[in-house]
Amino acid sequence: EEAEEEDEEEEGRETYMWMSVVYGLVATLLFCALHYINFEVNMVLYAFVLLGVNAPAALVAARAFIGEAPQTAKERRFAIVYDCVFCKAFLRNHIVLIACAVLGFFWNTEWFTIQLLDIIFINDVIADIIKSVTSPGLALGLVFYLFCVSVIIYASFGMTHFHDALQVPWYDYTTGEEGKSVCTNMVTCFYFVFYQGLSDGGNMKGFLTPPELGKWNYPGRILFDSIFFVWVGIVLMNIITGLMVDTFSSIREEKESRADTMENDCFVCGMSRNTYEDFSLPTHCPNFDDHLEVDHHIWNYVYYIAFLNSKDETEDSGIESYVRSCIANNSLEWIPSRTSHVLEMHGKTGAGLTDDDAGLREIASKVDDVLAAVSAGK
């Protein structure tokens with residue numbers, strides 16, 4: 001009975017996941033059908049919506065549905081393949097580079113130029129710049145959605161009140177003739193305002209027909225153009241710039257903080273550089289850099305754990321048996337805390353000593369020096 005319940009639960013999860021994928025596919029096909037009925041056939045658009053939007057969204061939704069703990073063998077296989085291909089930058093980037101190389105050899109050499117973008121994954125500075133754009137992706141997407149809504153509103157008002165000003169340029173490649181024609185529907189007006197407004201930074205008067213001075217709608221055109229420029233050209237564009245600049249600054253501060261921690265704090269015992277140097281060890285003793293690289297080198301502890309895992313328990317020494325039991329019980333008692341072998345050899349220990357304590361000790365030492373100097377002066 002338990003096996004049957006598990007099989008039914010597995011079938012239910014797979015059915016629910018596949019239903020979600022099918023619903024997304026049906027919505028995509030419905031969009032393509034409506035576009036086919038109302039507009040000219042555009043196979044590039046259909047392929048982009050199906051393969052570039054629907055397929056990635058279905059994969060992401062399926063992986064999110066599985067979560068961190070796959071419950072079936074199929075889910076585990078899918079999660080492993082998905083995480084290796086899409087989440088591991090090294091493998092994913094090399095797959096893209098190989099695909100570009102194949103397309104360059106067998107289709108068009110222009111695909112070779114995309115391989116130059118590999119510098120993004122080689123240079124840390126450029127990688128941080130790209131991360132400043134991708135990290136606030138949700139916020140940038142919402143700003144872009146707000147921009148599209150603004151364009152729809154302005155295209156609607158423009159068609160109603162300034163229809164003659166919204167003239168879309170056209171060019172006939174067969175005859176070489178060119179000119180301008182008034183946009184005939186909401187879609188063409190939206191494309192026109194979207195492209196021109198985005199490329200000109202919100203300056204509508206640069207692509208709309210100039211208004212006639214003294215005409216009844218002249219003040220309305222001033223208000224129409226000015227609001228679009230202030231809202232799109234200044235507010236929305238500065239929001240995008242601010243998001244990217246703030247993200248880049250936070251990424252840089254995080255890297256600097258991480259580098260400072262790795263350089264001035266011991267990952268094993270948690271002792272800081274200032275605390276270690278306050279012990280005033282003899283000159284022949286290792287300094288804090290030697291403490292990090294030799295005494296408490298992190299990989300030595302990893303190697304020791306691997307050594308214990310590969311060794312028979314019956315051959316353990318007393319120390320090895322103690323460390324093995326601590327690891328089995330998820331205990332960190334075997335790892336030194338604010339102390340080291342060198343400190344204990346010289347009768348000093350950092351246990352319980354914090355940076356504040358070290359600072360107080362330094363202040364007390366300076367006060368003693370001052371008192372001694374004052375006494376000597378008297």
Q: For Ser321 paired with His94, estimate the spin-label separation in nm (one decimal), with each label point 7 Å from Cα along the Cα-to-Cβ line.
A: 4.6 nm
Q. So how exposed is Lys215, as accessible area in Å² (1.4 Å probe, rounded to 10)?
A. 90 Å²
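Is the shape of region 13-94 rounded, prolate or oblate, going by the alpha carbon gyration tensor and its root eigenvalues a ≥ b ≥ c, with a/c under 1.5 for rounded and a/b larger than b/c for prolate?
Values: a/c = 4.47, a/b = 1.70, b/c = 2.63.
Cα axes put region 13-94 in the oblate bin.
Net charge near His161, counting Lys/Arg +1 and Asp/Glu -1 over other residues with Cβ under 13 Å of its Cβ? Show your work: numbers first, answer last.
Values: positive: Lys215, Arg221; negative: Asp164, Asp225.
Taking every other residue near His161 into account, the sum is 0.
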Q. Nearest 0.05, what FRET efficiency do Lys255 and Leu51 give at R0 = 41 Å with Cβ-Cβ as r?
A. 0.65
Q.
What distance in nm lies between label points placed 7 Å from Cα along the C-beta direction at Ala306 and Glu110?
A. 4.8 nm
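What is the extension gain from Val102 to Ala73, computed as 0.36 nm multiplied by their sequence separation minus the C-alpha to C-alpha distance, in nm to one decimal?
Working: separation 29, 0.36 × 29 = 10.44 nm, distance 3.32 nm.
Extra length available between Val102 and Ala73 comes to 7.1 nm.
Please calculate how many Å² of accessible area region 103-142 carries per residue, with a 1.4 Å probe and no DNA, RNA or ligand atoms counted. Walk me through the numbers on the way to the answer.
Values: 3070 Å² over 40 residues.
Accessible area per residue, region 103-142: 77 Å².
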Q.
Within region 85-127, name every residue whose backbone N is under 20 Å away from a label modeled 7 Å from Cα of Phe248 along the Cβ vector.
A. 117-127
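Tyr191 to Val133: extension gain in nm, 0.36 nm per residue of separation minus the Cα-Cα distance? Before the final figure, lay out each step's value.
Values: separation 58, 0.36 × 58 = 20.88 nm, distance 2.49 nm.
Full-extension gain reported as 18.4 nm.
The values are calculated or read from the model by the stated rules, or taken from the named source; none is laboratory data. Model, not experiment: these values are computed from the prediction. Note that each Cβ is placed from the backbone with ideal geometry, even for glycine, and that neighbours are counted across all protein chains shown. Accessible surface is based on the protein model in full, side chains and every heavy atom, while ligands, DNA and RNA are left aside. Shrake-Rupley method; radii C 1.70, N 1.55, O 1.52, S 1.80 Å.
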